[in-house]
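This report refers to the structure that appears directly beneath it.
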Amino acid sequence: MESSQENNISRDNLDELLIPHMSESNYNYDSPIPTSRLERLLRERELRRFIRSFHSNEELRESNGELDTFGNGNEFYLSGGDKGARDDDFFEQIATLKSMNDVSERPDDRVPKQHLLVVANRLPVSAVRRGEDSWALEISVGGLVSALLGINEFEARWIGWAGVNVPDEVGQRSLTKALAEKRCIPVFLDEETVHQYYNGYCNNILWPLFHYLGLPQEDRLATTRSFQSQFAAYKKANQMFADVVNEHYKEGDVVWCHDYHLMFLPQCLKDYNNKMKVGWFLHTPFPSSEIHRTLPSRSELLKSVLAADLVGFHTYDYARHFVSACTRILGLEGTPDGVEDQGKLTRVAAFPIGIDSDRFIQALELPQVKDHIKELRDRFDGRMVMLGVDRLDMIKGIPQKILAFEKFLEENPIWRDKVVLVQIAVPTRTDVPEYQKLSCQVHEIVGRINGRFGSLTTVPIHHLDQSLDFHALCALYAITDVALVTSLRDGMNLVSYEFVACQASKKGVLILSEFAGAAQSLGAGAILVNPWNVTEVAASIGYALTMPADEREKRHRHNFMHVTTHTSQEWAETFVSELNDTIVEAQLRTRQIPPLLPKREAIECFLQSNNRLLILGFNGTLTEPVDTQGRRIDQFKEMDLKLHPDLKEPLKKLCDDPKTTTIVLSGSDRRVLDENFGEYKMWLAAEHGMFLRLTSEGWMTTMPENLNMDWVDSVKHVFEYFTDRTPRSHFELRETSLVWNYKLADVEFGKLQAKDMLQHLLTGPISNASVDVVQGGRSVEVRAVGVTKATAIDRILGEIVHHNDVKAPIDYVLCIGHFLPKDEDIYTFFEPELPSGPTPTPRAKMVKSVNRTASTNLSSGISGLASFCHKPPLSYQTSEKRASNNANGNWWSRMRNRMTMHEGSSVLDLKGDNYFSCAVGRKNSSARYLLGSSADVVSLFKELADCQP
Ligand SMILES: O=P(O)(O)OC[C@H]1O[C@H](O[C@H]2O[C@H](CO)[C@@H](O)[C@H](O)[C@H]2O)[C@H](O)[C@@H](O)[C@@H]1O
Ligand SMILES: O=c1ccn([C@@H]2O[C@H](COP(=O)(O)OP(=O)(O)O)[C@@H](O)[C@H]2O)c(=O)[nH]1
């Protein structure tokens, strides 16, 4: 049995599963691999830490010759070459650790690096053309570049746009060559695509929306109009990135897609090669689902991102918003691990980025940086320095920052000649009109304030519209007394990290917007502010400038510890390790999922059998699928169950076949089944089999006579209460059960209400009633105790067998349904006992054959079948005539015994291979097989019907 491996999966039957894992880490797991993700990740982490500590010791001994240097101190860390042979003691120590970790070393191991394809809109370098085939490469500015440059534990190549239009072949060839030296691979985007995709869809639509800024006011309508063409360009550009990835991808590579520019990329990549390991990380905030749902392309974007194996965000809030968008907009299931769609899990988690702190700390020791520091100290002698470093972007709140500074000067005249604000405003996205406007606005405010508070020799604000090189930036960070980060929204904000890293001696104060992702990690040490509240920011400036040394020290220590331990290296390794693990996890999950129905086989067996039984669910099995796209479900359609129109013809043919008995076994009431199936020659079992009818005759009830239904009014009262308070929920009052359905209600609210309801039903005044409370995906059902589809079929089959006066034994059963877990007992009802043996076999092959005669020692539910051959015939005159088989709860066993004693005849001769139980649209099922949706049921029935003579 599969369940024998509950906690650990043994290596023997998991070879296939482990191979990809082993080849990634190059360790051979001899002992059981934990099925718990957390346990696996902890082991990996421990191993990584050890390897890293070894490398850093080693680096102390080695020269740092392997790093490419970009000039100006901007080391370009995407160097890839293996370090070659390492000290033997390294491997000894690895072996020790591995033995601790239940892992053993392969003798030929030399810990090769994970091959990584980093795909981002922008390459870490921007190209400037110097001649027909000559290029200068300049480092790009921005947090994403800074963070990824710090990663050196991977054999990484970077795929992206070089930030320049290169229409000619000579240029493309020479640039490709120049970039190859830096392990970069260009994607050539033409001007129009850049305009529509990058300036348009990315920076004029997604960027403001993801930062809660709304579409730019003035051209809102124009933007709305151009939306479609920009979106088309966005998709086209993403496909161009995908083409380049596909061209360079090698088996085993990890493909790490970055940011909002490439939300379509995961889908494009998986379409090309489903085995590719794809991660996607968003560097910006992911907004509340209420914002995301205003995007016309909301669903497409989400679905495509979900094609990735791992989706990462800077903070838990962003991850939560994303999951919530997937549940509310796509109607998918959000779990603590991620988003689930038909059993496939896309893992969603927070991976806060960091910086390469050592690089900043060490830079402060360089002579050129020391020179800068001295220069700056002299320049600002006698004044305290406040610093802002931002791209000139609306999200950075530069105007708000300057206004707050103005207010501070206004209210504190004493400080006017004692403090200076240095604002570095790096020009960015200069082709986008909104950014051009911002630039003018900032210049105007700065001019006004400098005019107002400046003197002949000094100005209060030093504003620079340019970027600084790495060394100048480090020096500036080091001499700063107060850093001012006032982002209105910011994915993380690395400037705040860099400032902290450079403040080991000065221990300056960080004023940080609560709307930056960094507020979650540096919040304890920084002064958090709401950047929209200029008064609050002004007051914080005053507080920061006068903060006592011991408080500054404590705050700094806290932040410094965080920045130096949560590095970009750590961030990337954690992400990649978790991405690798999602593959292991997915394979573990896949093993639990039944295979798809082998249609050919099911049809062949059907054709070769003489007396077939088709047991069919209704809702979700034979109904037309409701369009859940964008959660715009038509409530009326959803409530009014209708047989799939394409099923009508094949179903009729099958029902007319004398060798086939068809039963619809549903939770729905009699009226619904009458309306949908009244015209077919079949058996209808309503309310989980409590009512039964051959369509040519009247209804009878199989309900036990003494069934206690006193609870109905109380439950109805509870259901009414919750329906009143849960918009778009409804309940159905059947004769033997009540169902409260919140499928169309707000998902999260519906779940909370259901939880409340369940608690009341299970522990409140009704808890003693003889009822079963059954929880569905989006429903709560209360029914008489013991009512399930298996108990029903046990009774129903007796009636059917008897009525048909079955001469030949039933030799084929096809049972298809979208049943609640509680009702899945119907699948096992026909399932003969499973063979016991040491090796679990795949589900489909587990059952070989069952040939049950009355003289067999019957232990499964089907035993009841035989007993019915000897019951007196039933006559169905009135609509609710009572079926005779349920008068006494023990009737079954008595009849079974009698059968065993007197008869040797057989009503069931079901070979294991002729039994097909099949769950529709549920992957977590005890059925042998799966079908995706009722559309698959249609196609199966069409084929079965076509085979009919
Ligand atoms: O490439 P550009 O369009 O010029 O923009 C530069 C980058 O800006 C954004 O950076 C974000 O990533 C940082 C690191 O994760 C994060 O700290 C910051 O809060 C974000 O704004 C953008 O997401 C990148 O794609 C751009 O390259
Ligand atoms: O003159 C400058 C100003 C900024 N930066 C870098 O730009 C990045 C900005 O990243 P952040 O996360 O703060 O914001 P983003 O610009 O990515 O939105 C930081 O690493 C800075 O060191 C730079 O290299 N030169």
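Listing for the model above:
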quantity	calculated
For A162: the one exception among (1) free of Cβ contacts under 8 Å to residues at least 40 places away in the same chain; (2) over 33 Å from the mean Cα position of the chain (by Cα)	(2)
Residue satisfying condition, being part of a helix (DSSP H, G or I), at pLDDT 95 or above and either at negative phi or not hydrophobic (A, V, I, L, M, F, W, C) (or both), within set L684, L673	L673
All positions within region 512-527 that are touching a helix residue (DSSP H, G or I) at 6+ places or on another chain (Cβ under 6 Å), within 18 Å of M547 (Cα to Cα) and buried (at least 24 other Cβ atoms within 10 Å of the Cβ)	L512, L522
Boolean, C257 is away from ligand 2 (no atom under 16 Å from the Cβ), under 26 Å from N493 (Cβ atoms) and modelled with pLDDT of 95 or more	yes
Some residue of region 312-321 being in a strand (DSSP E or B) and either in contact with a Lys or Arg (Cβ under 7 Å, 6 or more places away or on another chain) or not hydrophobic (A, V, I, L, M, F, W, C) (or both)	yes
1 or more residues of a type in the set (K, R) and buried (at least 22 other Cβ atoms within 10 Å of the Cβ): qualifying helices (runs of 4 or more DSSP H) within region 746-836	789-804
Count of region 348-363 residues which are farther than 18 Å from L149 by Cβ and surrounded by fewer than 21 Cβ atoms within 10 Å (Cβ to Cβ)	2
Condition met for P296 (surrounded by fewer than 19 Cβ atoms within 10 Å (Cβ to Cβ) and either within 16 Å of ligand 1 (Cβ to nearest atom) or more than 14 Å from V747 (Cβ to Cβ) (or both))	yes
Those residues of region 402-430 which are aliphatic (A, V, I, L, M) and within 16 Å of ligand 1 (Cβ to nearest atom), in sequence order	I424, A425, V426
Check on A404, within 15 Å of ligand 2 (Cβ to nearest atom), within 26 Å of L510 (Cβ to Cβ) and at pLDDT 95 or above	no
Of all residues making up region 128-161, the number that are more than 12 Å from ligand 1 (Cβ to nearest atom) and assigned to a loop (DSSP other than H, G, I, E, B)	5
Cross-chain or 6+ apart pairs with Cβ under 7 Å, region 509-521 first and within 11 Å of ligand 1 (Cβ to nearest atom), then among the basic types (K, R)	F515/R489
Residues located in region 428-458, provided they are surrounded by fewer than 14 Cβ atoms within 10 Å (Cβ to Cβ) and part of a loop (DSSP other than H, G, I, E, B)	T430, D431, S455, L456, T457
Residue match in region 275-292 (condition: more than 19 Å from A586 (Cα to Cα), of a type in the set (K, R) and either over 15 Å from the mean Cα position of the chain (by Cα) or surrounded by fewer than 23 Cβ atoms within 10 Å (Cβ to Cβ) (or both))	no
Given (1) free of Cβ contacts under 8 Å to residues at least 24 places away in the same chain; (2) in a helix (DSSP H, G or I), number of the condition A475 does not satisfy	(1)
When residues of region 576-612 are limited to those that are more than 31 Å from the chain's Cα centre (by Cα) and small (G, A, S), the one farthest from D913 (Cα to Cα)	S609
Residue in region 465-477 that is away from ligand 1 (no atom under 16 Å from the Cβ), crowded, with 21+ Cβ neighbours inside 10 Å and either on the phi > 0 side of the Ramachandran plot or among the small types (G, A, S) (or both) present	yes
Which numbered condition A504 fails, given (1) closer than 29 Å to L148 by Cβ; (2) surrounded by 23 or more Cβ atoms within 10 Å (Cβ to Cβ)	(2)
From S467, S455, S496, S513, residue being within 12 Å of ligand 2 (Cβ to nearest atom) and at pLDDT below 95	S467
Subset tally (residues that are over 36 Å from the mean Cα position of the chain (by Cα) and within 9 Å of ligand 2 (Cβ to nearest atom)) for region 478-493	0
Tally, over region 374-407, of residues that are part of a helix (DSSP H, G or I), within 30 Å of P285 (Cα to Cα) and of a type outside the set (D, E)	12
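The values are calculated or read from the model by the stated rules, or taken from the named source; none is laboratory data. Remember, it's a predicted structure, so these values are computed and weren't measured experimentally. Note that each Cβ is placed from the backbone with ideal geometry, even for glycine, and that neighbours are counted across all protein chains shown.
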